[in-house]
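Engineer: After the structure tokens below, expect a handful of questions from me.
The values are calculated or read from the model by the stated rules, or taken from the named source; none is laboratory data. Everything numeric here is computed off the predicted structure, so don't read it as measured data. Please note: Cβ atoms are built from the backbone with ideal geometry, for glycine as well, and neighbour counts cover all protein chains shown. In case anyone asks, the SASA skips ligands and DNA or RNA and just uses the protein heavy atoms, side chains included. Shrake-Rupley method; radii C 1.70, N 1.55, O 1.52, S 1.80 Å.
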There are 4 protein chains.
Amino acid sequence: MVEQIRKNFSSDNVVPACPAVMSALVAANADAAPAYGGDAWTARLDTVVADIFERPVKVFPVATGTAANALALAAIAPPYGAILCDDSAHIVQSECGAPDFFTGGARLVSIPSEDGRMAPDALSYMLDRLPADNVQNPLPTALSLTQATEWGTVYPPARIAELAQLAHARGMAVHMDGARLANAIAHLGCSPAEATWKAGIDVLSLGMTKTGAMAAEAVIFFNPALAEQFARRRKRAGHVWSKQRFLSAQILACLEDDLWLNNARQANAMAQRLASGLFRHPGARLLYATEANEIFVALPHRAITHLRAAGFTFHDWHTPPGVDGTVIRLVTSYYTRIADVDALLETLAAV
Amino acid sequence: MVEQIRKNFSSDNVVPACPAVMSALVAANADAAPAYGGDAWTARLDTVVADIFERPVKVFPVATGTAANALALAAIAPPYGAILCDDSAHIVQSECGAPDFFTGGARLVSIPSEDGRMAPDALSYMLDRLPADNVQNPLPTALSLTQATEWGTVYPPARIAELAQLAHARGMAVHMDGARLANAIAHLGCSPAEATWKAGIDVLSLGMTKTGAMAAEAVIFFNPALAEQFARRRKRAGHVWSKQRFLSAQILACLEDDLWLNNARQANAMAQRLASGLFRHPGARLLYATEANEIFVALPHRAITHLRAAGFTFHDWHTPPGVDGTVIRLVTSYYTRIADVDALLETLAAV
Amino acid sequence: MVEQIRKNFSSDNVVPACPAVMSALVAANADAAPAYGGDAWTARLDTVVADIFERPVKVFPVATGTAANALALAAIAPPYGAILCDDSAHIVQSECGAPDFFTGGARLVSIPSEDGRMAPDALSYMLDRLPADNVQNPLPTALSLTQATEWGTVYPPARIAELAQLAHARGMAVHMDGARLANAIAHLGCSPAEATWKAGIDVLSLGMTKTGAMAAEAVIFFNPALAEQFARRRKRAGHVWSKQRFLSAQILACLEDDLWLNNARQANAMAQRLASGLFRHPGARLLYATEANEIFVALPHRAITHLRAAGFTFHDWHTPPGVDGTVIRLVTSYYTRIADVDALLETLAAV
Amino acid sequence: MVEQIRKNFSSDNVVPACPAVMSALVAANADAAPAYGGDAWTARLDTVVADIFERPVKVFPVATGTAANALALAAIAPPYGAILCDDSAHIVQSECGAPDFFTGGARLVSIPSEDGRMAPDALSYMLDRLPADNVQNPLPTALSLTQATEWGTVYPPARIAELAQLAHARGMAVHMDGARLANAIAHLGCSPAEATWKAGIDVLSLGMTKTGAMAAEAVIFFNPALAEQFARRRKRAGHVWSKQRFLSAQILACLEDDLWLNNARQANAMAQRLASGLFRHPGARLLYATEANEIFVALPHRAITHLRAAGFTFHDWHTPPGVDGTVIRLVTSYYTRIADVDALLETLAAV
């Protein structure tokens, strides 16, 4: 079994929860606690997160990233609104229309990019195509940015700020899908505040599951006015746990002593090591800069077969026209060790 | 602390998760596992549930009862549909419009009852008011019954069957909100099959959280045709866990060796003991028969103050016009012990 | 044919459009006009309505009463909101869930009344059951009142004011379904302003179809802030006509020289004459006061058969338990003449 | 005034309704008629349309094209569905999210094309990206094709058939936005049947407003099974007129004696004449083949100013990168005369 996990590069959500998270769950199970968020763990969330982000916040725990994103977007996009985002965004590609559902039919307007990072020019161009005074188009009310991006790249905060400024100038609110924000911060070496609200983010889906939790994400409002009635939206979406302490305890455990960031640093370092090795491999072609914990690499079919035969697991990805070989995705996590990476690279070298 | 839980009668969701559930979570955390339900725990769900319910089923785990109910109803009620239910139903009173949201605006049509158990006559009458050929009214497509009811009473399966027959005759599907089905089965002494599909239930929200889980409910389709595309609805509602093994493991732990039913038996027995004591107390008036683990009792204001001063916790409930005193709700759980009940009764006797 | 219409008491929407409306349509058809409401007719709407209602307004024409109601409610009720209304309201009984659809799943909370007029006590009681700080219930955000009511009675403006005050105290907005507001004003002898915003109405669905138009209703915002983005909601509901002049021209024609009110006066007078005659008829029992143009009367089965045999048309209505005979609804319109009413009464007398 | 209409090339919905339509409205106004579609005009619709399309059909009149499209799509696309369409489609570009709203959040997946006509290869590619067994993407359930296209081109029926076949192979239903189907049929010289169901169309939005009606479109189901409960969807969208005869009478008038097609022929002929003239004009560049009644032409800024100064009206259009000058749209209608076209061309020649 342990053999298996060492060779599993399919995702950062196939690994176990951190020991610290499991201990926190056990500790939270000792006694009775008020239901529906009236518990002591939930009571601490706002303060703990405010400390880390250096600003008053409103925090709402939920169990999945899709819930966090879709609920956050519903708070800032009315049914007649448009949500602008990168074409690669999880909300477009992987959530089966959750934002469309939660908003009551707002339109996702996706903007193509080279590497998952939206270009300010492209955003400007699209905003010009969606004038506020033409009722034939939905009203742009939300910008959603993914950090780290779906292609494993990371926005510099200055780019975020530039995009957010364009959005704010149109009266829009800015959401960050931070399923892998920990990895982005680990890469940037900046503070959580610099990565988010100081760059113009109004509401954040902060992922904990990929960085160590069992199932926990936090919707964080930097602009508390936007959080009004969010509690009702969350309730009516079935995303309030009766025993909510078990959600909040996970988040607290991840945030304590920078566990979330340390875990992300480990994942990133392993991705760096892996990318360096692949870069030196003839026949391998890395599609994007490796800045977080995801690698998209084109490999000859023979190499892929060989890796799989040796027990390694990973996902095939969509291979764009014009790319030789087949694209696979390799994901590292807090659980990945140097020996795991090296084993893969050695197996590949033996092809 | 432990003192506290012994005096807590506010709800069956204020207590810890069962030791067996916590052990199962720890065990599921040992190694990597495929994400999004591709894991070994989820793979066993259909079979395990089919064994218990003596029939092939499709099982979908989710974290909350509201999610289970609203998703199940969306599978059987189109946006132009009507969902008939008892006026006391959780889906009407306590879910902030979740069914309205998940169905895209189907109408909850609530039918008054004496004690939470819908009367066949009342259902017939309402169905007559909603003819299929009058497009001015929504089309009745779903009947939702709560077992045990919100007032702590239990439907005899024959009554369920009678109601289900009326619904089926109109082409409707029948849903059971089984947040406390374990308590109902414990009371009835019937089999899970007799309590559900043999009485005409098509889809069941089976609650595990109130009977021992941390956060886990199962949507169970007895009619697999209704389950088609349910997976997509669940995804787009943000109710698919990436690390789904942790949901499925809880459910398996609860079902193993009848833990869910044994827990419910303990809760029911404690409720019986409490109800008997209250019945003998002058000034106390039980509003409904105590058949599950909830007691609604009217007490003089002085008695309530005295109990609270002694450290007992419970919720005030809506006091209907014409009832003397104030109505409180007392809930027992698998965690409640004889000494806990007796302590409350003795404190009350001392008023 | 003309024989037929003289004996038709089924509804005020079975009669032809007024000659003035038809002339207005023909006149509007003379030349090109900008599409989508950029025309000269639409340009006049706000001013003309403002003059009549003695206050600046925002006016949006649509073709049906259901559209007017549902769009207006969507402007004031978020998806997590509750809309309080009388149990007899058209939005509850006859629009197949249009408000549920347009709001994205807001909950209609209906309050029973004697005669279609909501009692302030009943509203207070229900508001107490829906506290703002309990996320388990939807948030009361809209009150909808029907004037004249569905039972042909009329609210005194003071009663409207009392109800509106209760709603405003909770931060709710107040909608009036004025499908038959003309009849109510004709009965009250008050000004349009007194019947609406002076009594606390924020947004009005003003019916023109029942009082003479072909297909035209106006959504009128007395509080222009609520109208923001209403144009987008109307567009995305498919309720913007490309040749909108033909909607606006109808409304202008109805409003000119008090045609809408004069038509309503004629309808009311005919209803009064009919009600007086029925009152004197042994065996007939009027269920409600006749204050507008609808009469609900219980008649012996034999009398009903006789009327139908003589060529009269009208609808059977739901006969409440405890009422002798069968309830029918008789509706008069601007088209009804004294001879038409007398013919029905004479036929009835002959039974 | 009449001067004005002669120089108005902005749209085919700025012109008056046909005399035949106005006469039909006046004729329909002679007497009482049952409400909500129980009238004699509506009763004839199915038969008249079936005759024209050579097949049994279910016909539902509505007042706007957006309503027709969005309601038709809601009948074939569940909330978790994807609707595939050309990137230029009216449902994507000009309806403010109506399909998103009516379907409860289905996703519009738009496919780029050269000239508004979707390529089968492009459809295949996109279908491959949306596998049925991956719940992360919405399920492709509807294909929507626009005939004539938004760029004034016309699909050959064989191309429609090829696209429909790909869709049907995936179990999808095929919708045609036929706002200008009359113009397409006039161009193709085929039968209405050949242009639609014989090529695989399941449900059609048939536009009458642009070809002569005041405000009338018909949703036509060639597959009657898809029409089940459509009446309820239409009702709850507020698109059932109480005096529905006035909708149906317009449609009957347009269909009688091929008026709709004759009107379209006139519009097309005028567009041909105009396009030929523009083609010979140095500095003018036609962007697409002129096959219906819309022309998109790039002109030097000076020419455009000159035309406007001379009283001609038309809309600027989005000018794609790389096109010299400014793109304008010129639309002809049944009302356009040879002299009108020649006047514009002469004015242009004088620049």
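Engineer: With +1 on each Lys and Arg Cβ and -1 on each Asp and Glu Cβ, how big is the dipole of segment B:106-146 about its Cα centre, in debye rounded to the nearest 20?
Structural biologist: Using Cβ point charges on Lys, Arg, Asp and Glu, segment B:106-146 gives about 160 debye.
Engineer: Any idea what diffusion coefficient segment A:4-118 gets from Stokes-Einstein, in µm²/s, Kirkwood Rh on alpha carbon pairs, 4 °C, 1.567 mPa s?
Structural biologist: The calculation lands on 74 µm²/s.
Engineer: Kyte-Doolittle mean at least -0.5 and Cα extent at least 27 Å along the axis: which DSSP H helices of chain A qualify?
Structural biologist: Helices meeting the span and hydropathy rule in chain A are A:259-280.
Engineer: Which residue, A:130, A:71, A:145, has the most motion in a Gaussian network model of chain A that connects Cα atoms within less than 10 Å?
Structural biologist: Among A:130, A:71, A:145, the largest mean-square fluctuation in the Gaussian network model of chain A belongs to A:130.
Engineer: A follow-up question, please. Just the C-alpha atoms of the protein assembly as shown: what Rg/Rh do they give, with Rh taken as the Kirkwood radius?
Structural biologist: Rg divided by Rh gives 0.98.
Engineer: While we're on this one: Could you identify which residue out of D:213, D:339, D:292 has the top mean-square fluctuation in a GNM of chain D using Cα springs shorter than 10 Å?
Structural biologist: In the Gaussian network model the winner is D:339.
Engineer: Still on this structure, please answer the following. Give the average, rounded to an integer, of partner chain Cβ atoms located within 10 angstrom of each Cβ in D:33-42.
Structural biologist: 3
Engineer: Would you mind checking B:58/B:235; A:243/B:58; A:58/A:235; A:235/B:198 for any pair whose Cα atoms are more than 22 angstrom apart?
Structural biologist: From B:58/B:235; A:243/B:58; A:58/A:235; A:235/B:198, over 22 Å: A:243/B:58; A:235/B:198.
Engineer: Once you charge only the Cβ atoms, +1 for Lys and Arg and -1 for Asp and Glu, what is the size of the charge dipole of segment A:261-349 about its Cα centre, to the nearest 20 debye?
Structural biologist: 60 debye
Engineer: While we're looking at this one, here's another question. Cut-off 10 angstrom, C-alpha nodes, Gaussian network model of chain C. Which of C:124, C:88, C:205 fluctuates the most?
Structural biologist: In the Gaussian network model the winner is C:124.
Engineer: Something else: At 222 nm, what helix-only mean residue ellipticity would chain D give, in deg cm²/dmol to the nearest 500, using -39500 (n - 2.57) for each DSSP H run of four or more?
Structural biologist: Roughly -12000 deg cm²/dmol at 222 nm, from the helical runs in chain D.
Engineer: Which one of D:268, D:281, D:239 is farthest out on the positive end of the charge dipole of segment D:233-292, using unit charges on Cβ (Lys, Arg +1; Asp, Glu -1) and the Cα centre as origin?
Structural biologist: D:239
Engineer: Separate question: Compute, for residue A:331, the solvent-accessible surface of its heavy atoms (probe 1.4 Å) with the complete set of protein chains present, and express it in square angstrom to the nearest 10.
Structural biologist: Residue A:331 has an accessible surface of roughly 0 Å² with all protein chains in place.
Engineer: Can you pull out the trypsin sites (Lys or Arg not before Pro) in segment D:33-137 whose DSSP state is coil and whose Cβ has at most 16 other Cβ atoms within 10 Å?
Structural biologist: For trypsin sites (Lys or Arg not before Pro) across segment D:33-137 that sit outside H, G, I, E and B with at most 16 neighbouring Cβ atoms in 10 Å, the list reads D:129.
Engineer: Something else now. Just tell me how shielded D:89-98 is by partners: mean number of partner chain Cβ atoms within 10 Å of each residue's Cβ, no decimals.
Structural biologist: Counting other chains' Cβ atoms within 10 Å and averaging over D:89-98 gives 6.
Engineer: Whose amide H sits under 5 Å from the amide H of residue A:142, counting only residues 5 or more places off or on another chain, with H placed in the peptide plane?
Structural biologist: Amide H neighbours of residue A:142: A:82, A:84, A:173.
Engineer: Sort D:351, C:109 by accessible area with a 1.4 Å probe, largest first.
Structural biologist: Order by accessible area, largest first: D:351, C:109.
Engineer: Before anything else, pin down the relative contact order of chain C: Cα pairs under 8 Å, at least 6 apart, normalised by residue count, whole percent.
Structural biologist: Normalised by residue count, the contact order of chain C is 23 percent.
Engineer: Are there trypsin sites (Lys or Arg not before Pro) in segment A:289-351 that DSSP marks as loop and that have at most 13 other Cβ atoms within 10 Å, and which are they?
Structural biologist: A:337
Engineer: Chain C: percent of C-alpha pairs farther apart than 39 Å?
Structural biologist: 15 percent
Engineer: So, one more: Magnitude of the Cβ-charge dipole of chain D, K/R +1 and D/E -1, about the Cα centre, nearest 20 debye?
Structural biologist: Rounded to the nearest 20 debye, it is 520 debye.
Engineer: Related question: From other protein chains only, count the Cβ atoms within 10 Å of every residue's Cβ in C:19-29, then give the mean.
Structural biologist: Average neighbour count from other chains, rounded to a whole number: 3.
Engineer: Also, I was wondering about something else. Once segment A:261-349 is represented by equal point scatterers at the alpha-carbon sites, with solvent omitted, what log10 I(q)/I(0) does the Debye formula produce at q = 0.10, 0.17, 0.21, 0.24 Å⁻¹?
Structural biologist: -0.22, -0.66, -1.00, -1.29
Engineer: Keeping all protein chains in the complex and leaving out DNA, RNA and ligands, what accessible area do you get for residue A:194 with a 1.4 Å probe, in Å² to the nearest 10?
Structural biologist: Rounded to the nearest 10, that gives 80 Å².
Engineer: How big is the convex hull of the Cα atoms of segment A:258-306, per residue, in Å³?
Structural biologist: 73 Å³
Engineer: Run through the other copies and list how far each one's label point is from that of residue B:301, in nm with one decimal, shortest first; the point sits 7 Å from Cα along Cα-Cβ.
Structural biologist: 5.6, 8.1, 8.4
Engineer: Same structure again: Measuring from the axis that superposes chain C on chain D, report the chain C residue with the minimal C-beta distance, rounded to whole Å.
Structural biologist: Residue nearest the C-to-D axis, with distance in whole Å: C:63, 3.
Engineer: Specify the inter-centroid distance of segment B:7-82 and segment D:17-45, based on alpha-carbon positions, in whole Å.
Structural biologist: Their Cα centres are 57 Å away from one another.
Engineer: For a quick check: with amide H placed at 1.01 Å from N, whose amide H comes under 5 Å from residue D:108's, ignoring anything fewer than 5 positions away on the same chain?
Structural biologist: The list, which skips near neighbours in sequence, is D:83.
Engineer: Restricting to chain C, compute how many DSSP beta bridges are antiparallel as a %, nearest 5.
Structural biologist: Of the beta bridges lying entirely in chain C, close to 50 percent run antiparallel.
Engineer: For residue B:187, tell me the accessible area in Å² from a 1.4 Å probe, rounded to the nearest 10.
Structural biologist: About 80 Å², rounded to the nearest 10.
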